[in-house]
Every structure is written in structure tokens, then in C-alpha cells.
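S.K.: Quick one: structure below, then a few questions.
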Amino acid sequence: MISPIQNDSPADETVALYKGRPIVRLKPKAEARAIRHGFPWVYADELVTDRRTQSLALGAIAVLEDADRRALGLVTVNTNSKIIARMLDRDPEAEITLDWFVARIARAHALRVRLYDAPYYRLVHAEADALPGVVIDRFGDTAVIQPNAQWAEAHLDLLTQALVQVTGVTSVVKNGTGRSRTLEGMVEETTVLLGAVDGPIAVPMNGAVYMADVLGGQKTGLFFDQRPNHAFVRQLAKDARVLDVFSHVGGFALAAFAGGAAHAVAVDASVPALALAAQGAAASGYGAQFETRQGDAFAVLEDLGANPGQFDILICDPPAFAPNKPALEAGLRAYERLARLAAPLVAPGGYLVLCSCSHAADLAAFRNACGRGIGRGGRRGQLLHTGFAGPDHPMLPQLAESGYLKALFFRLDG
């Protein structure tokens with residue numbers, strides 16, 4: 001019997017160890033320490049992009065090594081993205097199977113069922129739940145998946161199977177829209193993967209009923225991240241006159257009604273969103289006390305400025321004005337302008353709530369912009385409370401982008 005040829009070269013050992021998977025490697029000056037300590041991304045200028053790497057299919061799975069050829073883990077690679085690699089598993093020999101997805105979703109699910117007594121929450125929050133680029137929101141028996149990275153799109157069948165196995169949902173929607181998919185080089189589409197969705201879904205939250213359009217609404221249909229900040233407004237709302245600007249489907253206004261608000265006006269640019277807000281107000285029993293106003297938020301605030309002091313609570317929850325670092329300066333000016341226009345409309349002793357979902361604007365920069373705007377609006381006051389996203393939106397400590405939401409609650413003097 002002829003013995004097999006023995007070859008103890010490091011390259012052959014690597015191939016055997018990694019089960020023949022492709023290997024991608026950090027450049028010598030790349031910060032491997034950050035990866036070892038939990039940072040989940042590799043940027044395009046940190047990776048050796050030779051012909052073998054460039055030839056990998058978008059979303060391919062590979063082993064990441066440092067410049068000294070020591071394995072760092074299993075990554076997914078997209079050479080068309082500025083985030084060229086995302087960490088999937090610290091074990092370079094991990095198998096991305098149905099069982100792997102089940103384990104990840106089960107871990108996320110266990111946290112949510114401990115936190116909430118009803119199945120309405122963000123189930124998977126991307127990197128913070130060890131499923132990079134994947135967002136899953138749950139609406140009772142329906143779940144909405146946002147596969148915002150190429151690897152998730154490629155493994156969507158397994159992801160859906162695992163989701164159903166863990167949670168028992170009967171309908172699954174793929175929401176393939178948004179800036180993240182564009183940056184990953186993917187087309188936009190929304191489709192029902194499993195079951196059926198007949199219309200908006202009623203979501204009980206903070207004592208109100210919200211209507212979520214999971215097929216045609218913004219993002220997945222509802223913003224669960226603001227739940228604790230809605231609840232704080234509810235505490236302040238007894239007999240209040242409320243203006244909810246950038247209200248979407250009635251976010252803060254409906255929570256204020258649950259806290260005893262006397263009247264609320266919701267302002268948004270989207271007619272469909274305001275229609276859903278009105279449906280939610282009616283379903284919550286507050287239809288007669290609720291008004292909507294469609295239009296540009298800045299224009300509406302300027303128009304209302306002719307009658308200062310008319311609201312006891314005013315909330316501004318805009319889209320991200322600073323979605324990235326190049327937009328930061330302009331974004332901070334927009335937040336300042338919003339605060340300047342809103343502050344005079346708040347009655348003496350009333351509350352101004354200013355929110356930001358811009359991860360590029362950190363808390364200090366956002367707070368300073370809001371403070372300048374309030375001062376330029378001729379008002380002074382105290383910062384009463386700082387709110388963040390709910391615990392179904394956990395933050396990965398090594399990734400600042402996962403802690404994007406900020407809500408500042410000001411009590412304004414006369």
C-alpha cells in the first residue's frame with residue numbers, strides 16, 4: 001500500500017483546517033486588534049483585494065486572517081461595499097447551516113420574550129444579535145425580514161426556515177428597500193415569502209393601538225425603537241395639547257392620548273402614514289381628539305409660529321439628517337433649525353422632545369445643536385431626560401452605529 005504524500009506546509013494545513021474555504025487577509029497596517037476585541041466590520045481599504053478576493057461572489061463566505069495568517073473568524077465578503085467583510089462567526093470552521101441560524105434566532109428570541117409580554121418587537125437587530133445586516137421585526141404572527149447585506153439575501157431561505165421554527169410565525173415578509181441595500185449593491189423589492197398579509201396590522205403598544213403597513217410603509221411598517229420614549233411622553237401628557245412632528249403612524253401622539261392628552265395634531269409629509277395614524281387614533285378611542293396635517297415639517301412649524309405657546313408638548317422625530325460623516329455638518333444645522341422653530345410653539349412650563357436617529361451625530365453634538373436652536377428660538381429650560389432605543393434594539397459595544405437613537409426631553413421656561 002502506498003502511503004499518501006505528506007506535506008506539512010502552512011498553506012496545506014490552512015486549507016485542511018478551513019475545509020477548503022477561501023481566505024481573505026488583512027493588510028499589514030490594518031487594526032486586527034479591534035476585530036479580535038469584537039469589532040464586526042472590515043473596511044475596503046483594510047483588506048488585501050487581490051484577484052482571488054475580487055473574484056469572490058458577492059456575499060461569499062470566507063475565512064479572515066490577519067497579516068500574519070492567523071485566523072480571526074468566518075466572514076462574509078462583498079467587494080462592492082465599503083464594508084467589505086462582516087464577521088459571521090469567531091470560529092473559522094463554523095458551518096452556516098439551518099441549525100446555525102436557529103441558534104442565533106433562538107438566542108435573540110429568548111431575550112425578547114423575557115422583555116415583552118406580547119409578540120410585538122424587534123426580534124433581530126443586525127450585528128448586535130450576531131446576524132450582520134439582518135433586521136427582523138415581529139408583528140404577532142407576522143414577521144418582516146430586512147436582508148440588508150448580500151450574504152443574508154443569499155441565505156434567505158434558511159433564515160426564513162429558522163425564523164418560523166423558532167417563533168412559529170405564519171407569515172413572513174421580505175422588505176428589501178432602503179439605503180443599506182443600495183450600498184450593498186442590491187435591488188429593492190418587497191414580497192411575501194410565506195403566508196398572507198391582508199392589510200395593516202394592529203399593534204398594541206404603550207396603551208394605544210398602532211397600525212403597521214408591513215408591505216408599503218416606511219422601513220418594516222413601525223418604529224419599535226421609540227417605544228420607551230413614547231412611554232415617557234405618556235407620563236407627561238395629562239390634559240396636554242400635543243404636536244407630533246414627523247409623526248409617521250402617530251408614534252408619540254397616540255402614546256400621549258394613552259396618558260390623558262386632551263388633543264393632538266400629527267404632522268407628516270406622507271398621506272398614507274397620516275391615514276394609518278388616524279386609523280390608530282380611532283382604534284384607540286381618540287379619533288375625535290386627533291387631527292392630521294400633511295406637509296413639510298419645517299414649513300408647518302414656520303406657519304404655526306404665528307401663534308406661539310399653543311402646545312404643552314411638542315415632539316420632533318425626523319429621519320436621519322446626518323446618515324454619514326460627510327452629512328454631519330449639514331445635519332447638525334438642520335437639527336438646530338428644527339429646535340429653533342419648535343421652541344417658541346411650546347407653552348411656558350411645557351415640554352419639547354427632540355429626536356435623532358443619525359448615528360454620525362453623537363449625543364454631545366446633537367445635544368449642543370438642540371441647545372443652540374432652543375436658545376435661538378428665544379427659550380431657556382432644563383434637560384429633563386435623555387432617552388435611547390428600547391432593549392429590543394441592543395447595542396454592540398464595539399460598534400457605535402448600533403446605538404443610533406437619541407431623544408432629548410426639555411422642559412422650557414416662559
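Laboratory data are not the source of any read-out in this text; all were calculated from the coordinates shown. Model, not experiment: these values are computed from the prediction. Here the Cβ positions follow ideal geometry from the backbone for every residue, glycine too, while neighbour counts run over all protein chains shown.
S.K.: Out of the range 357-380, which residues are within 18 Å of ARG411 (Cα to Cα) and either buried (at least 20 other Cβ atoms within 10 Å of the Cβ) or of a type in the set (Phe, Trp, Tyr) (or both)?
M.R.: PHE366, ALA369, CYS370, GLY373, ILE374, GLY377, ARG379, listed by residue number.
S.K.: Given (1) small (Gly, Ala, Ser); (2) over 19 Å from GLN146 (Cα atoms); (3) touching a strand residue (DSSP E or B) at 6+ places or on another chain (Cβ under 9 Å), identify the lone condition not met by ALA208.
M.R.: Result: ALA208 fails condition (3) only.
S.K.: Can ALA67 be described as surrounded by fewer than 15 Cβ atoms within 10 Å (Cβ to Cβ), of a type outside the set (S, T, N, Q) and either assigned to a loop (DSSP other than H, G, I, E, B) or touching a strand residue (DSSP E or B) at 6+ places or on another chain (Cβ under 8 Å) (or both)?
M.R.: yes
S.K.: Just give me the residues in the range 233-251 being under 20 Å from the mean Cα position of the chain (by Cα) and not in a strand (DSSP E or B), in sequence order.
M.R.: Hits for the range 233-251 are PHE246, SER247, HIS248, VAL249, GLY250, GLY251.
S.K.: Tell me which of these GLY390 doesn't satisfy, since it passes every other one: (1) within 18 Å of the chain's Cα centre (by Cα); (2) on the phi > 0 side of the Ramachandran plot.
M.R.: Result: GLY390 passes all but (2).
S.K.: A follow-up question, please. With the range 83-187 as the region, which strands (runs of 3 or more DSSP E) entirely inside it contain at least 1 residues that are within 21 Å of ASP198 (Cβ to Cβ) and of a type in the set (Asp, Glu)?
M.R.: So the answer is 134-139.
S.K.: Quick one: would you say PRO119 is crowded, with 20+ Cβ neighbours inside 10 Å and touching a residue at least 24 places away in the same chain (Cβ under 8 Å)? Give the derivation first.
M.R.: Values: crowded, with 20+ Cβ neighbours inside 10 Å: no; touching a residue at least 24 places away in the same chain (Cβ under 8 Å): yes.
Spelling it out, it is not the case that PRO119 is crowded, with 20+ Cβ neighbours inside 10 Å and touching a residue at least 24 places away in the same chain (Cβ under 8 Å).
S.K.: To continue, here is another question. So, in the range 217-232, of the ones that are part of a helix (DSSP H, G or I) and not aliphatic (A, V, I, L, M), which residue ends up surrounded by the fewest Cβ atoms within 10 Å (Cβ to Cβ)?
M.R.: Here the answer is PRO228.
S.K.: A further question follows. Looking only at residues that are under 17 Å from HIS385 (Cα atoms), within 27 Å of the chain's Cα centre (by Cα) and among the small types (Gly, Ala, Ser) in the range 326-356, which one is surrounded by the fewest Cβ atoms within 10 Å (Cβ to Cβ)?
M.R.: Once the filter is applied, the top-ranked residue is ALA339.
S.K.: To continue, here is another question. So if I check each of ARG367, ARG379, ARG372, which one is in contact with a Leu (Cβ under 7 Å, 6 or more places away or on another chain), not in a loop (DSSP other than H, G, I, E, B) and not small (Gly, Ala, Ser)? Before you say what the answer is, go through the steps one by one.
M.R.: Values: ARG379 fails: not in a loop (DSSP other than H, G, I, E, B); ARG372 fails: in contact with a Leu (Cβ under 7 Å, 6 or more places away or on another chain).
Within the list ARG367, ARG379, ARG372, the selection yields ARG367.
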